[in-house]
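Beneath this line is the structure, given in structure tokens, with notes to follow.
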Amino acid sequence: MADLTKILLVDDNPKYLEDVLPFYGYEVLCAYDGLQAVKILESERHIDLVLLDVMMPNMDGWETLKVIRKNPVCQDIPIIMVTAVGEDQKMVSGLKIGADDYIVKPFILPNLLARIEAVLRRSRHSPKKQFSNNVTINQINSVNALTSREKDVLLLVTQGESNKSIAEKLVLSQVTVKSHLNSIFKKLNVTNRTQAVLVAMQMNLVEK
């Protein structure tokens, strides 16, 4: 019998997922803060994926993500960030640090399960995390379809800039920035700026 996929759940209140994930065929280990998570990852060599909550005591999720990605023992383990609503700029930073995906609380369980499977599938097809492995012809065509100004806007979005800041740096109105963003989202077939950043990272348009 094959070993169960092992998930490290890093959350100071893990009860719900700790109880429910085993019903879907996952083995779950729990860490209640980032410091404990790093210790487990250094000692436990068979973690398949980390679900990392952002809001935790001692060391929050963003700092934990940085520590994991700098540690050669565990730096290639796929990580899904669990974030609160309204943290777009931080999520962009997290993706650049090395998060593989994110999900916003409160989430719907089937959505989380689908994201877990997608990240695991990508991880199993690549010995190292390579965003470029997921690039499609449609994405290449979509990025090529962006205007020069839209690419300028997208680059600033990948740097975590707000609409106001983008407007100031490009000498545009915020209304124009929003118009460019809507066009970018449509061309890239995404619905928000974080998804747009993922496509940009897959296309190696930003430094990671």
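The values are calculated or read from the model by the stated rules, or taken from the named source; none is laboratory data. Since we're looking at a predicted model, the values are computed, not measured. Note: ideal-geometry Cβ built from the backbone for every residue, glycine included; neighbour counts use all protein chains shown. Calculation scope for accessible area: heavy atoms of the full protein, side chains included, ligands and nucleic acids excluded. Shrake-Rupley method; radii C 1.70, N 1.55, O 1.52, S 1.80 Å.
Miscellaneous remarks
- In the complete set of protein chains, residue-level accessible area for GLU27 is approximately 70 Å², probe 1.4 angstrom.
- Cβ-defined net charge surrounding SER183, 11 Å radius [Lys, Arg +1; Asp, Glu -1]: +3
- Net charge of the neighbourhood of LEU112, taken over other residues with C-beta under 13 Å away and scored Lys/Arg +1, Asp/Glu -1, is -2.
- Remark: region 1-125 projects, on average over all directions, an area of 7.5 nm² (convex hull of Cα atoms).
- P(r) tail for region 5-74: Cα pairs beyond 16 Å make up 41% of the total.
- Counting Lys and Arg as +1 and Asp and Glu as -1 over every other residue whose Cβ lies under 13 Å from the Cβ of ASP33, the net charge comes to -4.
- Using heavy atoms of the protein chains and a probe of 1.4 Å, the accessible area assigned to ARG149 is about 90 Å².
- The listed residues GLU42, GLU150 rank as GLU42, GLU150 when sorted by accessible area, largest first, using a 1.4 Å probe.
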